[in-house]
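This report concerns only the one structure given below.
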Amino acid sequence: MLQINKSFQINQIKNSLTDLMGISLFVARLDEIHSIISGNKIFKLHHFIDEAIENNHDTIITFGGAYSNHLVATAYYANSIGMKSIGVVRGEKPDTLSHTLIDCMNYEMELIFVSREEYKNKDKKEFINQLLNGHSNATIIPEGGYHPLGAKGASLIMDTIHEIEPSHIAVAVGTATTMAGLLLNKKNDQEIIAVPVIKNMTDIYSRLEYLSQNNPFIKPVIFNDYHFGGYAKYDESLLNFMLEFYREHKIKTDFVYTGKMFFAVMEKIKAGYFKKGSRVVCIHTGGLQGNFSLNPSSVFFN
Ligand SMILES: *Cc1c(COP(=O)(O)O)cnc(C)c1O
C-alpha cells in the first residue's frame with residue numbers, strides 16, 4: 001500500500017526557565033514532515049486514505065475555508081498517491097485566490113466554491129452527492145477530518161512520543177480531533193493538555209464523546225485563556241513571542257495554532273504549573289503556511 005512519510009523527530013529545548021523550574025521540555029516536530037503541510041493533518045487523513053484505497057476509490061472529497069490547512073494537506077496527500085481530490089470551499093470564489101487555495105490547485109485539487117449558506121449542508125449526503133455529480137467512487141472526508149477515523153489516525157502520533165516517556169503532552173485544538181487521538185493512545189498517568197484557539201470553546205467534551213465513539217475517555221486539561229480573542233485573532237504580544245521563540249530555539253510557529261500553544265505552555269511553566277521533574281512534550285502541528293496571510297514584515301521568518 002502506498003504511504004507517505006509520517007516520521008518525525010522530538011527535540012529537547014532548554015533555556016533558563018526550564019532549568020529554573022527543573023523540567024524537561026520537548027517539541028514533537030510534526031512541522032518537519034512537510035514544509036507547508038501541517039503534520040497533524042497527515043495523521044488525521046491516514047485511515048481515510050487507507051479506506052479509499054481499500055474501496056478502490058479514485059477520488060477524495062473534503063471541505064474547508066480559503067485558508068484551511070486541512071484542505072491543502074488533503075490535496076497534497078491525495079496527489080502524492082495518485083488520487084484525485086475535490087475541495088469544497090466555503091464562500092464564493094474571490095477575485096484573488098489565497099496562497100492556500102493556490103497550493104491546493106498546484107496539488108491538482110479541483111476546487112468547488114459554494115456560498116456560506118450552502119456550505120452549511122456540508123455533512124448532508126444529498127448535498128455531497130450533488131457536488132459529486134453522479135460520481136460514486138469517492139471517499140468523503142468531513143471538514144478538518146473531524147470524525148472518529150480522523151482521531152484514530154491522530155492516535156498514531158503517540159506511538160513515536162511514548163519513547164520520551166512524557167508526563168504531559170500539549171496540543172493546539174481546533175476541531176479537537178488531534179487531541180482526541182492523543183487521549184485514545186495515552187498511558188494512564190499522562191496528562192493531555194488542550195489549548196483551544198477558538199474563543200469560548202465549550203463543546204470539547206461532547207466532541208470527544210463523538211470522536212472516541214463513546215468509549216469512556218479521560219478528560220484533557222484545558223488551558224482556556226490563550227485564544228487571543230478567537231480563531232486567527234492575534235496581537236503584538238503573540239507575534240513578539242513567536243519571534244523571540246524563533247530567535248532562541250530556531251523553531252518557527254504559526255499565529256493561528258502553534259504560537260498560541262507554545263505561548264500557553266511557557267506561561268504555565270513560569271506560573272509553576274509543571275512540577276519539578278515533569279517531562280512536557282509540545283506537539284508542533286505545523287501550519288506554518290498560515291503565516292503567509294500576515295503582513296510579511298510582522299513575522300520575519302516567513
Ligand atoms: C488543524 C490544526 C490544528 C488543530 O487540529 P484539530 O485536530 O482540528 O484540533 C492544530 N495545529 C495546526 C497547525 C493545524 O493546522
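Over 21 Å from the mean Cα position of the chain (by Cα) and more than 30 Å from Val280 (Cβ to Cβ): is that true of Thr59 in this structure?
In short, yes.
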* Structure fact -> Considering residues that are surrounded by fewer than 21 Cβ atoms within 10 Å (Cβ to Cβ) and in a strand (DSSP E or B), the number found within the range 60-85 is 1
* Looking at the range 209-219, which of the residues that are at pLDDT below 95 and open to solvent by less than 80 Å² (accessible area, probe 1.4 Å) is farthest from Pro166 (Cα to Cα)? -> Ser212
* Structure fact -> If we ask which residues in the range 16-35 are in a loop (DSSP other than H, G, I, E, B) and under 22 Å from Tyr257 (Cβ atoms), their number turns out to be 2
* Looking only at residues in the range 80-115 that are hydroxyl-bearing (Ser, Thr, Tyr) and out of contact with any Phe, Trp or Tyr (no Cβ under 9 Å at 6 or more places or on another chain), which one is nearest to Gln289 (Cα to Cα)? -> Thr96
* **Meets criteria (open to solvent by 50 Å² or more (accessible area, probe 1.4 Å) and within 13 Å of the ligand (Cβ to nearest atom)) for Ile198** => yes
* To do: Identify all residues within the range 134-190 that are assigned to a loop (DSSP other than H, G, I, E, B), farther than 29 Å from Asn55 by Cα and open to solvent by 30 Å² or more (accessible area, probe 1.4 Å); write none if there are none.
  => Glu165, Ser167, Lys186, Lys187, Asn188, Asp189
* Structure fact -> So, first residue closer than 22 Å to Lys44 by Cβ in the range 18-32, second residue at pLDDT below 95 and open to solvent by 10 Å² or more (accessible area, probe 1.4 Å), Cβ within less than 7 Å, six or more apart or across chains; the pairs are Asp31/Leu288
* To do: Could you check, for the range 68-75, whether at least one of its residues is touching a Cys at 6+ places or on another chain (Cβ under 7 Å), at pLDDT 95 or above, within 16 Å of the ligand (Cβ to nearest atom) and β-branched (Val, Ile, Thr)?
  => yes
* Name every residue in the range 201-216 that is away from the ligand (no atom under 15 Å from the Cβ) and either in contact with a helix residue (DSSP H, G or I) (Cβ under 9 Å, 6 or more places away or on another chain) or farther than 19 Å from Tyr146 by Cα (or both), in order of residue number. => Gln213, Asn215
* Asked: For the range 172-191, what are the residues that are more than 9 Å from the ligand (Cβ to nearest atom) and in contact with a His (Cβ under 8 Å, 6 or more places away or on another chain)?
  -> Lys187, Gln190, Glu191
* Which condition number in (1) assigned to a strand (DSSP E or B); (2) away from the ligand (no atom under 16 Å from the Cβ) is the one that Leu243 fails? -> (1)
* Structure fact -> For the range 278-289, pairs from a residue that is charged (D, E, K, R) to a residue that is more than 8 Å from the ligand (Cβ to nearest atom), with Cβ under 7 Å and 6 or more apart or across chains, are Arg279/Ser24; Arg279/Ile164; Arg279/Glu165; Arg279/Pro166; Arg279/Ser167
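The values are calculated or read from the model by the stated rules, or taken from the named source; none is laboratory data. In this text, all values refer to a predicted model and were calculated from it rather than measured experimentally. Positions of Cβ are generated from backbone atoms using ideal geometry, with glycine treated the same way; all protein chains shown enter the neighbour counts. Accessible surface areas use protein heavy atoms only, side chains included; no ligands, DNA or RNA. Shrake-Rupley method; radii C 1.70, N 1.55, O 1.52, S 1.80 Å.
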